Amino acid sequence: MSQEPPEKMMFQLTLRRRGISDQAVLRAMEEVPREVFVAAGDRGHAYRDSALGIACGQTISQPFVVAYMTEQLQLRKDHKVLEIGTGSGYQAAVLSRLCAHVLTIERYRTLADTARDRLEALGYFNIEVMYGDGFDIPPGAGDFDRIIVTAAMEQIPDTLQRRLEPGGILIAPVGPHHGTQTLVRVTRKDSGFERKELVDVRFVPALPGIAREL
Ligand code: SAH
């Protein structure tokens, strides 16, 4: 049996202690090597439960938040998932272990290209990384069983909710760009969109359009 390094054991323990109980989610968090997704100088901190800076002034989310949002999505092996805000590609990697296909969109070309190369090198072939604007998903991409937004939105655009399949779930941090947001879960029911507020979180802002900088 392979010996787990102590920091990876602590990582799992922290997630469990904070309330993550879905075994499949815990397994996915164990399987995806977070050290590959953080900046080279941060490798030693990859298994701490904190957000870290990445290129283009963005962040890789805190592991607990990644696990929590993933758990709330109630993923199934046949699901087609959309992520807005690729960043490092870490959240997409975790999702990809639990569903059929992930389309992830990023407005910085540098981040999209780096994440694509990284995910390919890891052999995560059921992820498509798109350079583009999450507020303007090409109609050809179709609809999704699950949508996860990993950047703060002041409100959830109706056009985005409408990309959910019947019974579909969307999770997004909703609130002011600077400050605290609330994680909101929207479920598409026959009768309309059902909304539930979950926990307070802090994300970098979702900005319209592709980034002018690389
Ligand atoms: N999920 C990422 C962390 C996301 S940080 C990870 O696991 O590492 C939020 C990301 O959303 C940033 O990279 C930011 O550039 C991106 N973003 C912000 N607004 C966007 C938009 N309109 N379309 C696509 N990506 C966007």
What list of ³J(HN,Hα) couplings, whole Hz, do you get for region 136-145 from phi and the Karplus terms 6.51, -1.76, 1.60, once you set θ to phi - 60° and write x for glycine and proline? 9, 6, x, x, x, 6, x, 9, 10, 6
Charge tally in the Cβ shell below 10 Å around ILE60, where Lys, Arg are +1 and Asp, Glu are -1, ILE60 excluded: 0
May I ask for the net charge around PRO166, where only other residues with Cβ less than 15 Å from the Cβ of PRO166 are counted and Lys, Arg are +1 while Asp, Glu are -1? +1
Using helices alone, what [θ] at 222 nm do you get for the chain, with -39,500 (n - 2.57) per DSSP H run of 4 or more residues, divided over all residues and rounded to the nearest 500? -7500 deg cm²/dmol
Based on Cβ point charges of +1 for Lys and Arg and -1 for Asp and Glu, what charge dipole magnitude is obtained for region 1-95 about its Cα centre, in debye rounded to the nearest 20? 140 debye
What order, most packed first, do the peptides 55-66, 99-110, 159-170 have when packing is the mean number of other Cβ atoms within 10 Å of each residue? 99-110, 55-66, 159-170
Angle check, please: helix 6-17 long axis (alpha carbons) against the longest principal axis of the chain (alpha carbons), in degrees 0 to 90, nearest 10. 40 degrees
Report, in whole Å, the centroid distance computed from the Cα atoms of region 51-80 and region 142-214. 13 Å
Students often get this wrong: which residues of region 100-119 have the backbone nitrogen under 11 Å from the point 7 angstrom along Cα-to-C-beta of ALA55? 108-118
Using a 7 Å offset from the Cα along the Cα-to-Cβ direction at both ARG18 and LEU214, what is the distance between the two label points in nm, to one decimal? 3.4 nm
Between GLN62 and ASP158, what length comes free when the chain is fully extended (0.36 nm per residue of separation minus the Cα-Cα distance, one decimal in nm)? 31.8 nm
Residues of region 83-112 with backbone N under 16 Å of the label point set 7 Å from the Cα of GLU165 along Cα→Cβ are 83, 96, 98-103
Below 15 angstrom from the Cβ of ALA100, what's the summed charge of the other residues (Lys, Arg +1; Asp, Glu -1)? -1
If a paramagnetic tag sat 7 Å from the Cα of GLU7 along the Cα-Cβ line, which residues of region 20-41 would have the backbone N under 17 Å from that point? 30-41
Descending packing, highest mean Cβ count within 10 Å first, for 41-52, 83-94 is 83-94, 41-52
Between helix 109-121 and the chain: long-axis angle, C-alpha atoms, 0 to 90°, nearest 10: 60 degrees
Along the Cα→Cβ direction, 7 angstrom out, place labels at ASP136 and ARG109. What is the inter-label distance in nm? 1.6 nm
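The numbers here are math on the coordinates, done by the rules we state, and not lab data. The structure displayed is predicted, hence computed values, not measured ones. Glycine gets a Cβ as well: all are built from the backbone with ideal geometry, and neighbour counts include every protein chain shown.
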